[in-house]
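What follows is a set of notes on a single structure, which appears directly below.
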Amino acid sequence: MVRFKSRYLLCEVCVPDRSSLQLLEDRTIYNTLRAAVNRAHGDYGSALFNIGVIVKYLNAHTGVVLIRSRKKHYRLIWSALSFITCLENRGQKVQCFLNCLHVGGTIRTCQKFLVKYNRQQLHRMLPDCKTDAEKQEVRRAILSCSLSNVREEEAGEDGSDDDGDKET
Amino acid sequence: MTGAKDRMREKKMKNQPRNVTYTSSGRGTGRGQGSQACGWVRGHQPGGHSYSQDLPKYITASYFAKARAAEVNAMLKAVSKPAGSCHVFNALPNHMRRRAMSHNTKRLPSRLREGAQRLAERSQRAAEKEKKQLPRSRSRRARRRHGNLLLEFNRRQRKNKWLETHIWHAKRFHMQKMWSYCLPLKPTAKSFRASYRAMNTHALLQDLSYFCCLELQGSEEQMLRALARLTSKQTGPTFAAASCLSGARQGSVHLYKADQFPQGCLGPADFLWRPRVPDASDRQLWIWIHPDLKQEVLSELQLVCQCSVSVSVSEESGPAVERSAGRKRKRDEDDAEEPSKRLLGDGTRPAGAPVRWQSPDTTITISDLTMEIVRYRLIGPLAHVVLTDTLQPASEEPSDAVSLHQQQTEVFQLLRGVCSTAELPAGCVLGLTVDDPRLTLPQKRGKSVPDLQQSAEDDRLRDLRLTGVAAHCSQSALWDTSARERVTHSRLSEQELNRMRSELLVPGSRLSADGQAAVPLLLVHQGGRVRGEERLHWGSGWDLLLPKGWGMAFWVPLVYRGVRVGGLHMSVKHSQFMGQPHFPHDYPDCPAGVRFQSEQEAELLEKFKRRPPSKRTNYIKHGCLAPFCCPWQQLTEEWEELVNLSTENVSCCRTGASDFTVLRSLKALRRLSAWTRPPSRRNSSTLTHATAAALQQECGPSLVWVRLRLLGKGQPALHAMVCAPTTSDLQLLLQDAHSSGPQEPRHKDHLKHLRQHKTSPEEPARAVRGVFPAPLPSVLSHCSRLTLGWVTQGDFSLAAGCGEALAFISVSGLLHTILQQPQEQRGLVLLRNPSSLQYRFARISIDV
């Protein structure tokens, strides 16, 4: 049995101005990436892009993008990422660059990395805060993203999940 | 319309976070699941859930932090919840997964099997519309499992009685259901030689509580008068033997139907009188019989003592209330009222079955004490050492019996100085009151060794060896029903004992016996081999009689002293090595023996038929008429005919075809035993035709129990034939002492051609190939040598170092043979196994 192995590229969209992130959509990223691969690697590149590349997850608030590609060709896609200078969406151009944070074999490993990374970012944000209110906010955010919270949520949601199952 | 595949994927992906974007927020609520194809699967509708807020004017650090935190939470949720792949196969650790788990669900542990089977069914029915399956009710086994294990055990005991040590045995032995008991047969480990060594040098333990005890109470003369009808003085000491009557010794006796000696044998029995109590004329007698005999002996006793009125009946056996299996365990108030108790005693007796009978004329009362008394047998020369290690005489005693207790304790201490159990006279009885042996349980199992330092020149020790225990020391409280009940009920449970042990200040020290009830018991010495001249007193031991309920309390301390445990198989071998007939194997004239023989024949025939036809021994070609069952009646009749023909005794005073008996009269046995040995100067009676004929008239058609010892090679098997040697055979032996013996010429299988035809419709039973069909031809003269009898137990004897067999042979045949043998070679016979053509020489001895 032959498996299709994939690689997940965890990227971050870095913009100089945070507010311009708002219009991010997965189709935008997809199209931009396809154009970049076409420019860099030609027909061969766009054919490969067509096969296995898809944007799996996008978070517009934090600018995190998860791209999936086949294992054979992920380096090709990765190399094309550095050629992206701006994202186009409905005529508006946003200057940005995609920073690849992590390459993983499964979504789960990328998610684990993302958890660690976000925690690090939050800890780094704390000394940079200027006002006290900000500091409070940041601290609350740090405390809120702990595993115990997740477990409580799970316990609360299990009941609702079972109901959901029974209805279908 | 969502298909099963999509539903499955949705279930797998339900924990994954969706895209977090700004744009879907506004329109999401209006159009339900938005039209934007964002999400995990292309074509799948649900739009991402996002923050339902407008685009913020300023993005500040706090906002960013919140976003980050939310994302982290979402990721954590996705990571920690292991949804996705089939939980059935993922729940197994790696080393337990097997290649073909998915289509062969039997490779999974039973707890996961149902889920896997459901999955398999579901995948098969993927095309149809699936209905939600109702949760299956648990199997009958699962429903009855955690109820009350004790009730389950009590229920199982209603059909076959369990011994007190049943659970201990069931874990270590192969069990067999016999005579309405569930008895241990053989250990699961290979231990024949180890058990023999234990019997020879150390000690072997057996649980013999399945022997039934009948109690007779009444005045001595009336009891003796009644019981004299059941026994005969010719077979040996009866119930009225002087040493046994005082209560100092246990005796054994053969029981017959009332006034029918020598016909109508019932079987052997052991008996024990209670020592005389001053100022009481009533006496108590215990008769111990095999459970197969019980009904017959009971009816004979009732006939003889004229006890037909049943006095008391057995109550409902204990608070073993049977509850419906479906109740939950939460009913605490019910449980607190009636804790279920273990079933003690006879569980198969229906409530209302009579237990005691009284007679209106004589003052005798018969009670049935089956399973009321626990009986353990220790066999071996160091049995007394094990007993002195395990039992501690009670420290406190009720004041009325202080001196008796002291005397019994002294005798018990004297036992330590004895070197071997065989030194004491056979059958002596010692009563004792001991503490709970669980209090002095050693931490580790060990082997009890004899204490060699005790002085052997003690006068009292010498008296003990010569005369045994005095009669008054054989008294014990075990004889009283009320004392037994009291002791049974006042037993500490294991839980209590463990609690006491945990409360000790110094862990591991001995528990004190203050305030605990002392257990009355009886120690009965069993003589080993008392007849014959070789290996006397082999297999002697002690019997331990206890009140019911105390079985396990004594068993575990005994086992901790390093004894081996044996089952039914070992008791057969014990009798075989002692050269004594074992009930019911070796009693062909008793009804129980006849039953046993027919069962054995059926079993052996089944085993024979199971083999493929070309691999079976062809008994017809070997000339063996009766490989499975011995036709004793036919044998004795034919010998009678032959002898009458040869002596030309026309006026035969034989009374037609009477049933055969087994010769048990001691006088006749002594004479026969003298005649089967080469003559020495000591022998008084000489063998002539006249004396032989006289003996034969006396005995009638009968069999005698003999022991055969092979001179050279050979191992006798079951139902081997004992044949008379011809003069040429004896001469052969004279010339060459190591000759192996004559050979039987092979017979023709005359039934072979009959079987090749089609079986005619008149023949209901098909003849089994290789076995003679039912009406046997002449048993005597079928082979080249005259058949004298058959072997009932034969094996290589570890004690003797050569093949030994125990057989029954016809008395007339034996006399006929001996008369024709030269004097120096008297007592030599030939032995032939059923599956062989070789005769082996053997020497007869009759043990008296």
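Derivation of every value follows stated rules applied to the coordinates shown; laboratory data play no part. Bear in mind that the values here come from a model prediction, so they are computed numbers and not experimental data.
Whole-Hz Karplus values for the stretch B:537-543 come out as 6, 6, x, 7, x, 10, 9 Hz, taken residue by residue from phi with 6.51 cos²θ - 1.76 cosθ + 1.60 and θ = phi - 60°; glycine and proline positions read x. Put simply, the stretch A:6-105 fits an ellipsoid with semi-axes of 21, 15, 11 Å; these come from the alpha carbon gyration tensor as the roots of five times its eigenvalues, largest first. Karplus-based coupling profile of the stretch B:239-255, in residue order and whole Hz: 4, 9, 4, 5, 5, 7, 5, 6, x, 8, 10, 8, x, 10, 8, 9, 9, with θ = phi - 60° in 6.51 cos²θ - 1.76 cosθ + 1.60 and x standing for Gly or Pro. Only alpha carbons enter this Debye calculation for the stretch B:362-445, each as an equal point scatterer, and the log10 of I(q)/I(0) it gives at q = 0.26 Å⁻¹ is -1.34. Shape class of the stretch B:443-502 from the alpha-carbon gyration tensor: oblate, with a/c at 1.5 or above and b/c at least as large as a/b. Taking a ≥ b ≥ c as the square roots of the eigenvalues of the Cα gyration tensor, an a/c ratio of 1.5 or more together with a/b larger than b/c marks the stretch B:391-533 as prolate. The 3J(HN,Hα) values that the Karplus relation (6.51, -1.76, 1.60; θ = phi - 60°) gives for the stretch B:436-450 are, in residue order, 4, x, 5, 5, 10, 5, x, 5, 10, 6, x, 10, 7, 10, x Hz. Gly and Pro appear as x. For the residue pairs B:K159/B:K447; A:K56/A:K130; B:K190/B:K447; B:K190/B:K621; B:K106/B:K444; B:K548/B:K607, the C-alpha atoms sit more than 32 angstrom apart in B:K159/B:K447; A:K56/A:K130; B:K190/B:K621; B:K106/B:K444; B:K548/B:K607.
Cα-based radius of gyration for the stretch B:689-848, normalised by 2.2 N^0.38 Å, reads 1.19. Over all pairs of different C-alpha atoms in the stretch A:65-143, the reciprocal of the mean inverse distance, the Kirkwood hydrodynamic radius, equals 15.5 Å.
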